[in-house]
Amino acid sequence: MKVTISKSHAKGSLLAPPSKSMAHRLLIAAGLAFGKSIIQGVAPSEDILATIDCLKALGAECHYENDTVTVTGIGGKIKQENATLFCRECGSTLRFFVPIALLSESTTVFTGSERLLSRPMSIYEAICQQQHLVFEHHGSRILVKGKLSAGHYTVPGNISSQFISGLLFALPLLDNDSTITVTEPIESRSYIDLTVKALADFGVFVRWQNRNTLLIQGNQTYLAQQTRVEGDYSNAAFFSALSYLGGEVKLQGLDANSLQGDRVYQEFFEQLQAGTPTLSLADCPDLGPILFALAGALNGATFTNTARLSIKESDRGDAMAEELAKFGIRCTVQKNEITVIKENLHTPSTTLYGHNDHRIVMALSVLLTQTGGCIEGAEAVSKSMPDFFDRLQELGITLTVT
């Protein structure tokens, strides 16, 4: 799919997209619960559909109508033996469900895109090896078998928090208590806290014993609930950025007290407008692409703690550097630091490429409102926000999709 965006300014009010991060967590908690839960405010992105499909594969009943998912949970016990879980391109889905699959003695096979299955899974592989469980990675699939044990877990804090969240979903259902010690430096702590909140919403309680250790009581039960997904700061950032490029966009539906780490975008955007700051992405890696784009349009910036961007849907540092160069924006990409250098922004010298990455496409689209231009591979937005271009048009951005 190709999108052509004309130079135009955004103006209007928009309801923030629902949080994909919280939707994953609430749906999984509902899927593990006894009884019927109702989750409102769910957007049908590819990632969320992957999680719903995996819940069904494990025996949960899910009915999706309008923006509401009704889930009849499995009561903490896997109902389907020898299940195959298709995770599409979603790292969250894959990493959340591996420990859940290990609640059962049966074999579970995980499949998905080639890029997804190339992303690191060594944390779970090591746990399975220590507990004499089966973990086999065969390129196009991952096979796990055996029952996870309660106990003490140590997980590096500078890798994806999704591994910790995955364990948090499963460990409360085991017979005995467990602890997870997260070693320093701890990145994306806010995502761990989102998981803790989602568990509490469904009657499962986990607490931080200290800065590094989570206490998980065993033999707990998920209880069915009716709840609504909160607004998403990470996707709202793309629309808010338009206000720093001559537009006037007001966003509604964001919880000022949210635990989402990406809420920091508001502070970061102000700093980008005021000067050439140094900003850490340790707790908000998903903001990387839109921050790079906005920095290139404004005053430049240096971004630290960027190493994990290389293992997202694309290598986001290199991908953004390649595409921003077409606008005349220069970037230097190092192992854990990226600098965006302010130069003369101009219409791209050639068609932009989306790198099969939703956040790359959305960040480039925002920048194209300043210059005009085309993006190939724009369909990648369906991963998290399939109505992204409709929303841009609602704000007065002129574009065509072919």
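Could you check what % of the DSSP bridge pairs in the chain are antiparallel, to the nearest 5? So the antiparallel bridges amount to about 65 percent of the total.
For segment 332-384, pairs of C-alpha atoms spaced more than 16 angstrom apart make up 51 percent of the total.
Which whole number of Å³ per residue matches the convex hull of the alpha-carbon atoms in segment 1-63? Walk me through the intermediate numbers first.
Values: hull volume 7.2 nm³, N = 63.
Looking at segment 1-63, the number lands at 114 Å³ per residue.
Looking only at Leu281, Leu194, Leu259, which one moves most when the chain is put into a Gaussian network model with springs between Cα atoms under 10 Å? So, out of Leu281, Leu194, Leu259, the one fluctuating most is Leu259.
By the rule of a C-alpha distance below 18 Å, with chain neighbours fewer than 8 residues away ignored, the aspartates and glutamates paired with Lys342 are Glu270, Asp318, Glu322, Glu323.
Note on segment 263-338: along the principal axes its Cα atoms extend 29, 29, 17 Å, ordered by decreasing extent.
Extents of segment 104-201, largest first, come to 33, 31, 26 Å (Cα atoms, principal axes, whole angstrom). In the elastic network of the chain, a GNM with C-alpha springs shorter than 10 Å, the most mobile of Asn176, Asn66, Asn212 is Asn66. Between the alpha-carbon centres of segment 4-62 and segment 215-265 there is a gap of 12 Å.
In the neighborhood of Glu81, defined by Cβ-to-Cβ distances under 12 Å, what is the net charge if each Lys or Arg adds +1 and each Asp or Glu adds -1? Please list the in-between numbers first.
Values: positive: Lys77, Lys79, Lys145; negative: Glu105.
Overall, the nearby charge balance is +2.
Shape summary of segment 20-215, radius of gyration then Dmax from alpha carbon positions: 15.4, 44 Å.
Each residue of segment 127-143 was assigned a 3J(HN,Hα) from its phi angle through the Karplus curve 6.51 cos²θ - 1.76 cosθ + 1.60 (θ = phi - 60°); the sequence is 4, 4, 5, 5, 9, 6, 9, 8, 9, 10, 10, 10, x, 8, 7, 10, 10 Hz, with glycine and proline shown as x. Cα centroids of segment 280-306 and segment 124-191: 30 Å apart. Translational diffusion coefficient of segment 195-271 (Stokes-Einstein, Kirkwood radius from Cα pairs, 20 °C, 1.002 mPa s): 141 µm²/s. For the chain, the ratio of Cα radius of gyration to the globular rule of thumb 2.2 N^0.38 Å stands at 0.98. For segment 17-107, the orientation-averaged shadow of the C-alpha convex hull comes to 5.1 nm² (one quarter of the hull surface). Ordered by the number of other Cβ atoms lying within 10 Å of each residue's own Cβ, fewest first, Arg316, Arg88 fall into the sequence Arg88, Arg316.
Under 22 Å of direct C-alpha separation, and excluding same-chain neighbours fewer than eight residues apart, Lys56 reaches these lysines: Lys20, Lys36, Lys77, Lys79, Lys145, Lys147, Lys383. Here's how it looks for Arg88: its modeled amide H is under 5 Å from those of Ser113, which are all 5 or more places away or on a different chain.
Among Phe268, Phe205, Phe34, Phe135, the order by Cβ neighbours within 10 angstrom, fewest to most, reads Phe205, Phe34, Phe135, Phe268. The coefficient of translational diffusion for segment 278-402, derived via Stokes-Einstein from the alpha carbon Kirkwood radius under 37 °C and 0.692 mPa s, stands at 227 µm²/s.
Considering only DSSP beta bridges with both partners in segment 20-215, what is the antiparallel share in %, to the nearest 5?
On the way: 24 of 33 bridges.
In segment 20-215, approximately 75 percent of DSSP beta bridges are antiparallel ones.
For segment 164-205, the spherically averaged projection of the C-alpha convex hull amounts to 3.0 nm².
No lab work stands behind these numbers, since they all come straight from the coordinates. Because the structure is a prediction, the values reported are computed rather than measured. Heads up, the Cβs are rebuilt from the backbone with ideal geometry, glycines too, and the neighbour counts pull from every protein chain shown.
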